[in-house]
2 protein chains.
Amino acid sequence: MTKIRNEGLKNSKVMDIAFHLTELSGPRVTNSPGFMRAANYAKNQLTQWGLVDSKLDAWGDFGKGWELKKSYVAITSPWYRPLIAYPKTWSAGTNGLQSGEVLLISAKDSAELDAYRGKLKGKVLIIDNLINFQQSTQPVGGRYTDEELQKMSEVTEAEDTAAMRRRRERYKDQNIVPREVLTRLKKMAEKEGAIALLSSGTEDHGGTILVLQAGPHKISDPANFLDIAIGLEDYNMIIRILKNNTPVKMDVDVKAKFQTADSRGYNVIAEIPGTDKNLKDQVVMLGAHLDSWPAAVGATDDAAGSCVMMEAIRILKAIGIQPKRTIRIALWSGEEEGLLGSGAYVKKTFGDPVTMKLLPAHDKFSVYFNLDNGTGKIRGIHLQGNEAARKIFEQWFAPFNDLGAKTITIRNTGSTDHISFDVVGLPAFQFIQDPLVSQHSNMDSYDHLMSDDLKQAATIVAAFVYDAAMRDQNFPRKPLPKPLSLDPITGSHR
Amino acid sequence: MTKIRNEGLKNSKVMDIAFHLTELSGPRVTNSPGFMRAANYAKNQLTQWGLVDSKLDAWGDFGKGWELKKSYVAITSPWYRPLIAYPKTWSAGTNGLQSGEVLLISAKDSAELDAYRGKLKGKVLIIDNLINFQQSTQPVGGRYTDEELQKMSEVTEAEDTAAMRRRRERYKDQNIVPREVLTRLKKMAEKEGAIALLSSGTEDHGGTILVLQAGPHKISDPANFLDIAIGLEDYNMIIRILKNNTPVKMDVDVKAKFQTADSRGYNVIAEIPGTDKNLKDQVVMLGAHLDSWPAAVGATDDAAGSCVMMEAIRILKAIGIQPKRTIRIALWSGEEEGLLGSGAYVKKTFGDPVTMKLLPAHDKFSVYFNLDNGTGKIRGIHLQGNEAARKIFEQWFAPFNDLGAKTITIRNTGSTDHISFDVVGLPAFQFIQDPLVSQHSNMDSYDHLMSDDLKQAATIVAAFVYDAAMRDQNFPRKPLPKPLSLDPITGSHR
């Protein structure tokens, strides 16, 4: 533990790893050139550190890669303003510079949308949906207080499930434009030859913009109509000016490049082989997702987790461990589109959550650790309903309590790759991290990574992985779930 | 007071006024088309409300107006990223799309800069100056607590002066590149045919960028080399990639339009004439600055103050006051360049702070109220060293204590237009406002205006102006200052 601490806190390479994964690679949409640069860097770096069988492991059909090659979006009338604007992933381009008026679409349902039929050609579209904004007097990110952590450690599984349901309801409420209207409008727009659709999120502001996808990405899917994410201030402004009967004109020039030569998705996988003759067939895994959304370099989501996991492995190699069990690192792809890379990997390696048909490696699996809640340091771990793991983690955290890490909560936390393991009954855990800002945004940048937090996290992950690899007993498991009993995205019971 | 409250809080037009000054007008750099649209709207609106002699009042030579007509700034290699980027005010354009490599300039002084001579042609320049960034766990804006307000009310003038000096020192420390290096680099860049210089502030982030000026703006000044403000995340990223010996290439296409037909600066001035035969020659003034920096619509700086002052006037006209003294509203220009519009107005109307030669109207002046600290509601007022005003303001605030406004501090507050009056010995006051975000930024947008705060402020200003106009005695004054005894920007003793 002392060696791990020294290597992790005093000789850290975590920010150098992060730099390669982010600013030298670019955005890492699955199957894009940026993703492949980062994946190849990781594969080669892991090999250099002495891991074996480091590879890009094809997990199945993902679809098209997508890369932005040009984006210029500006208001030209009533006065000039270049917009902070990002085409959503898998949007088609404009075929050069297009100029047109903005058309305000006021339609609560498909019937109302019909009023706009035949009027969309050459127009930029915006849906009449002013977003309520209040200047915040709250910090955008922070650190857990002792009280908050205490509460977390005392929550029951029933309370946690109820809270999760409430969060999901709230999330549903945020769908301000009915999906059916949006889909139909995009079809009309495509058919009639509109230029683009402008969209905004409801929460971020000040130039930070969340950018997700314009539509599906399979090779067989048609092109997606150009859907551009802009800031809520600009979105509201355009609507207000139009409602004042003042025309708004825009210039839009977007070029996107689709990668269709290889539609397979790849995870990066590498191993430190186990050395104990009875335990070396057993596997301890650690992972994070390497893919990101495209509007920045996905620094906190989730280069942070990826560089911490790589650094944890580097620490263990640097101090020359001889683990009893095999240690395997996985940097997933397709996470943002629904845990696709980890899900496919688990299915082909350990078992199918739909049929609950399990493979032999399921028996040999020890435990999986995941990190995907931003750049904040580790404060504890979610038991994911596995009460038997509490005592073990208490012991493993003991040497790091002074670094702020000790809280253990029964909570099920969802939305990331440990769920792919959990749904086939394998022990898989996501750490509790300080809630610093982590976003699918245009400003998820290297500078938003907090180096001290990442060093702490890598040190603790290295120790947990070592502890798991050296443990005499097997890691305790929950009862096997029923087929499909968990929602793979939220991790909650359906 | 009840009528003012009802009109101001229940029948407010302040957000409608704000909309006209901001989103319908555009950025309001002095002498730009956006400024003139806002100024003409204000002039006409004040006339419509029944004010007399509403006019654009030429105050002297300002210089060129400036307006952005195109801005496209993107990294094209090692991977594509459109930058959040704004040419600084009075920058020249590029004459179409220019592409070039970014050159890292590492020079602490002019001698070191010589190493780059002859190497700048076709390059985008960036100064090697990584900005330290930490994710904040503090709110970006907030409201004063009772304790903070209490402290403010107890501060002595000596303590206040010392604090002001400390703030000024800190501000000096932030000049990260010596001005001499910057000036010389820009000259070399211009001469050798570089494309642009990239700059970043040290504090804002997440897509919010402060944008000031590239250089001087007099008609006789030469064009300023293109100086582009970008986000600190992008600024740091470019430097890090270059330091990794990876070339960074950029596309830059900037078009700026200079207005040179009329170099005179204009304030908007209008009056409600006094009705008391003994007092009608005396003047109560209220004002704020109408001009802004160009990267957004200057909503909180200072459309907020301008719309509050206009709304205060509207309230007074709506309830049909017959003021004893004349009430005069002024919406200044050239504030951002150094209180130019208010300074020139005071000089031609009341007296010259350099010579302290005073004009007859100096005697007839009552008091001036200013609002220029963002969108936050009024919490009190700065006495500006005028202790005799304390009792008066206590009385005037009494009907509005329930709206959170009552704190009176001896403090001198500077950096805005009341200083132009203060330096010739005229009573002039800036209110204390809740410190919500107010910025010279690309995101100083209409949505960042908080309507409830502006309504409260307009109501209180209307009441103060009414109180001052109706008061039997003259408003107490400080002793006349010595010529030039105050720094016109900071308001502190030199």
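A few points about this structure:
- Counting only the Cα atoms, segment A:239-286 fills a convex hull of 203 Å³ per residue.
- Value of D in µm² per second that Stokes-Einstein yields for segment B:18-88, Kirkwood Rh from Cα pairs, at 20 °C (1.002 mPa s): 144
- Phi to ³J(HN,Hα) by Karplus 6.51 cos²θ - 1.76 cosθ + 1.60 over segment A:110-127, Hz, x for Gly, Pro: 5, 4, 5, 5, 4, 4, 9, 4, x, 10, 9, 4, x, 9, 8, 9, 9, 8
- Accessible-area composition of segment B:1-137, carbon plus sulfur, in percent [1.4 Å probe]: 48
- Rotation relating B and A, chain A residue nearest the axis via C-beta, angstrom: A:207, 1
- Members of B:218/B:257; B:70/B:121; A:88/B:123; B:10/B:55 lying beyond 24 Å, as alpha-carbon distances in this model show: A:88/B:123; B:10/B:55
- For segment B:369-378, putting each phi into the Karplus relation 6.51 cos²θ - 1.76 cosθ + 1.60 with θ = phi - 60° gives couplings of 10, 10, 9, 7, 10, x, 8, x, 5, 6 Hz, in residue order, rounded to whole numbers and with x for Gly and Pro.
- Secondary-structure-derived ellipticity at 222 nm for the protein assembly as shown, considering helices only, amounts to -9500 deg cm²/dmol, per-run term -39500 (n - 2.57) for DSSP H runs with n ≥ 4.
- For residue B:47, label point 7 Å along C-beta direction: distances to other copies, nm: 7.8
- With θ taken as phi - 60° and the Karplus curve 6.51 cos²θ - 1.76 cosθ + 1.60 applied, the whole-hertz 3J(HN,Hα) list for segment A:289-301 is 9, 8, 6, 9, 7, x, 7, 8, 9, x, 5, 8, 9 Hz, x standing for glycine and proline.
- Summed buried accessible surface, chains A and B, 1.4 Å probe, nearest 100 Å²: 4600
- Gyration tensor (alpha-carbon) shape descriptor, segment B:280-332, a/c threshold 1.5: oblate
- Environment charge of residue A:290, counting only residues whose C-beta is closer than 9 Å and scoring Lys/Arg +1, Asp/Glu -1: -2
- Extension gain for the segment residue A:190 to residue A:154, taken as residue separation times 0.36 nm less the Cα-Cα distance, is 7.7 nm to one decimal.
- Space enclosed by the convex hull of the alpha-carbon atoms of segment A:342-494, per residue, Å³: 116
- Spherically averaged projected area of the convex hull of Cα atoms, segment B:74-223: 13.4 nm².
- Chain B - convex hull of alpha carbons, volume per residue in Å³: 148
- Interchain or long-range residues, amide H under 5 Å from residue B:330's placed H: B:286, B:287, B:288
- Ligands, DNA and RNA left out, the accessible area of segment A:325-392 computed with a 1.4 Å probe is 55% carbon and sulfur.
- Working value for segment B:129-209: equivalent-ellipsoid semi-axes of 37, 19, 9 Å, each the square root of 5 times a Cα gyration tensor eigenvalue, largest first.
- Heavy-atom accessible surface of segment B:1-121, averaged per residue, reaches 38 Å², computed with a 1.4 Å probe.
- Put simply, the amide H of residue B:380, placed in the peptide plane, has neighbours under 5 Å in B:406, B:407, B:432, leaving out anything fewer than 5 places away on its chain.
- Entry for segment B:311-429 at q = 0.12, 0.22 Å⁻¹: log10 I(q)/I(0) = -0.50, -1.48, Debye formula applied to identical alpha-carbon scatterers, no solvent contribution.
- The tail of the calculated P(r) for segment A:153-309, taken as Cα-Cα distances beyond 24 Å, holds 60 percent of the pairs.
- Normalised per residue, the accessible area of segment A:269-308 is 22 Å², obtained with a 1.4 Å probe and no contribution from ligands, DNA or RNA.
- Extent along principal axes [Cα atoms of the protein assembly as shown; Å; largest to smallest]: 106, 70, 56
- Convex hull of alpha carbon positions in segment B:197-285: directionally averaged projected area 11.1 nm².
- For residue B:222, inter-copy label distances in nm, listed shortest first [label point 7 Å out on the Cα-Cβ vector]: 5.8
- Using C-alpha pairs below 8 Å separated by at least 6 residues, the relative contact order for segment B:70-132 is 26 percent.
- Fraction of beta bridges assigned by DSSP in the protein assembly as shown that are antiparallel (%, nearest 5): 55
- A label point on residue B:137, set 7 Å along the Cα-to-Cβ line, lies at 2.2 nm from each of its counterparts in the other copies, closest listed first.
- For residue B:368, the residues whose amide H sits under 5 Å from its own are B:285, B:428, B:429, ignoring neighbours fewer than 5 places away on the same chain, with H placed 1.01 Å from N.
The values are calculated or read from the model by the stated rules, or taken from the named source; none is laboratory data. What you are looking at is a predicted structure, and each value in this text was computed from that prediction instead of being measured. No Cβ is skipped: glycine too gets one built from the backbone with ideal geometry, and neighbour counts run over all protein chains shown. We work out accessible area using only protein heavy atoms, side chains counted, and drop any ligands, DNA or RNA first. Shrake-Rupley method; radii C 1.70, N 1.55, O 1.52, S 1.80 Å.
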